[in-house]
1. Which condition number does R401 fail, the rest of (1) within 30 Å of C122 (Cα to Cα); (2) among the charged types (D, E, K, R); (3) touching a Leu at 6+ places or on another chain (Cβ under 8 Å) being met?
2. From the list D123, D167, D162, which residue is among the acidic types (D, E), in contact with a helix residue (DSSP H, G or I) (Cβ under 8 Å, 6 or more places away or on another chain) and assigned to a helix (DSSP H, G or I)?
3. Six or more apart or on different chains, Cβ atoms under 7 Å: show the pairs whose first residue is in region 560-585 and over 15 Å from N422 (Cβ atoms) and whose second is in a helix (DSSP H, G or I) and open to solvent by 30 Å² or more (accessible area, probe 1.4 Å).
4. List, please: which pairs have Cβ atoms under 8 Å, are six or more places apart or on different chains, and start with a residue in region 374-400 that is in contact (Cβ under 8 Å) with a residue 12 or more places away in the chain and surrounded by fewer than 16 Cβ atoms within 10 Å (Cβ to Cβ) and end with one that is among the basic types (K, R) and not in a helix (DSSP H, G or I)?
5. Out of (1) out of contact with any Leu (no Cβ under 9 Å at 6 or more places or on another chain); (2) open to solvent by 20 Å² or more (accessible area, probe 1.4 Å); (3) not basic (K, R), the odd one out for G316 is which?
6. Can you find a residue in region 342-349 that is open to solvent by 30 Å² or more (accessible area, probe 1.4 Å) and closer than 18 Å to N443 by Cα?
7. Determine, yes or no, whether L191 is open to solvent by less than 10 Å² (accessible area, probe 1.4 Å) and under 24 Å from E350 (Cβ atoms).
8. How many residues are more than 16 Å from M578 (Cα to Cα) and not charged (D, E, K, R) if we restrict to region 399-418?
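The values are calculated or read from the model by the stated rules, or taken from the named source; none is laboratory data. Treat the numbers as computed from the prediction; the structure is a model and nothing was measured. Cβ coordinates were reconstructed from backbone atoms using ideal geometry, including for glycine residues, and neighbour counts include every protein chain displayed. The accessibility values were calculated without ligands, DNA or RNA, using every heavy atom of the protein model including side chains. Shrake-Rupley method; radii C 1.70, N 1.55, O 1.52, S 1.80 Å.
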Amino acid sequence: MATVSINKVFLGIDVGSGSSRAALITDTGKLLAIHSTPFSTSRPSPDYYEQSSDEIWASICTSTKAVLQLAKVDPSQVYGIGFDATCSLVAYTSGTPETAKPVSISPSSNFDDHNRNIIMWCDHRAKDQAIRITETRHDILKNIGGVMSLEMELPKTLWLQDNMTKDQWNRIGRLFDLPDFLTWKATGDYLPSRCSVVCKWCYKAGPESGDSSSHHNNQGWPEDFLRQIGLGEIADDDCQKLCGVGNEGQRVHFAGEHIGGLTAQAAKDMGLVTGTPVGGAVIDAYAGAIGTLGAKMNGISPTVDEARKRISLICGTSSCHLVMSDKPIFVPGVWGPFHGVMLPDMWVAEGGQSSTGQLIDYLTKSHPAYNEAVERASTSTPIVSVYEFLNQHLESVAKKRSLTNIAYLTKQLHMTPDHHGNRAPFADETMRGSISGLDLNSNTLDGLAILYLATIQALALGTRQILDALCAAGYTIETICISGGLSLNRIFVKVLADVTQFPVVLPGSGGDAAVVVGAAVCGAVAYQSSMAGPGTSVDGLLWDAMARLTEASDVIEADQDPALRRFYENKFRIVEKMQQDQREFNKIMQE
């Protein structure tokens, strides 16, 4: 085996829903170390989720310094940095990273608590604004499945304008997507990523503008759309408040493309070297795709065409489903297709579920038997997590009931997973979850385990709905490449394979590390791009890095047992009928 080189290492920074992680990989893709630092979320009201950019930046700096120590790496060995983060909205005054100040987005403090300057991605306060935007029926909505999601940035921006006083609104000099805030904080220049502004802000960029041959010719902001939805003041100011990107003289950047070096202040904060190359940031889900879609299997890297038949499933608090194509394919209820938001010459469609790990946590922790399960898990030999205890308990219960597969434990228990609305394929935030089949034994430990299994099955069935919609529209999908915390749950992965009837590929870096490794891959591209010189096309650099630096660890195959396939087909039909009924109930109650 060749000696692993640590002359050059690349740093990935991943900001998730509740923690910032830093990881270091070598120039051969070996993961040296990873460190996580938590940060807080405030929930002043239902559907309100607020965070602090200062706290997040501090957590990044803590993780970076810690990972350097863990890996025994000198800061001079870090040759490139990549950032990813959730698509949360950050409000700031005008100025440099040293002079600008956070601006409160929190009505519970009368917009006076400037420590809460982030509207989190899962915040649903902008429901009315999203509906108003959808009702415009503007052509650009076709690029996000026909419906404006209240999780995107324009409804949140409109909500701020609607709810702030004029003075409070005018205090905001710039609204960032969180990934782009991080690269601004690191480099001192606002150089937005194509991934952020196209996917979450409706910024227009595509080959029809000529940028298939020249990536510098982006179409820019749809000013007529902004005026139509009520953001005309921003359009009149050349869209400077929206990410600070005007339609003239400013371009957006590709994933990993070199955008500058660390400032002296950022380098001091992070314990790194001034000038270290920083790459164009990506949304966290896209970092997961970068960390998995090019993964070698049995030492063989896929071609780009083969990777187009893979779908990346990033499942943590929520889930995102990302699939590439070489042409635009529109799918109702699915975001995209977006051009150049990952590989420069590829389109990406983005399905998703607004609550996955969060839903499992909510339903298990609110169950009467949860504390008993925690106690049993903590006193088992060896000690296991509460979820691995539930996995083992399911197998024990199935054995006692002489069942050939744990799946059959939910024969009479069915669930829809839409507790926080349905992101795809229905694009309906008014949908809510439902459970059918509860009995008077549901409050026992066995009942908890079976409810937990029903939740996993419901989430897998929701993913199947998304895959069916994508395939019906023209995508070819043969493999699921999974990452995120839920990829570490063996029952979740196996149920996913059995429900979808697709093999599920596990990342070699470990499922929970694949996202931050994807950010580190962008760091490698930043270094290569910086060496190539300004203005150099990044075509090929990202794919080469993905194929060279990532690898799969295992493949979980789908069970082909006819009885099990028939069971899940029947459950799929039941869940779809429950969703239809629930949407009908909503209509009745609105009469």
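1. With (1) within 30 Å of C122 (Cα to Cα); (2) among the charged types (D, E, K, R); (3) touching a Leu at 6+ places or on another chain (Cβ under 8 Å) applied to R401, the lone miss is (1).
2. D162
3. Close Cβ pairs satisfying both conditions: F567/Y408; F572/R464.
4. none
5. The single condition G316 does not satisfy is (1).
6. Here is the first cut: in region 342-349, the residues open to solvent by 30 Å² or more (accessible area, probe 1.4 Å) are 345.
If we keep only those that are closer than 18 Å to N443 by Cα too, we end up with none.
The answer is no; no qualifying residue exists.
7. no
8. Step one: list which residues in region 399-418 are more than 16 Å from M578 (Cα to Cα), which gives 399-409.
Those still in the list that are not charged (D, E, K, R) too: 402-409.
Final tally of qualifying residues: 8.
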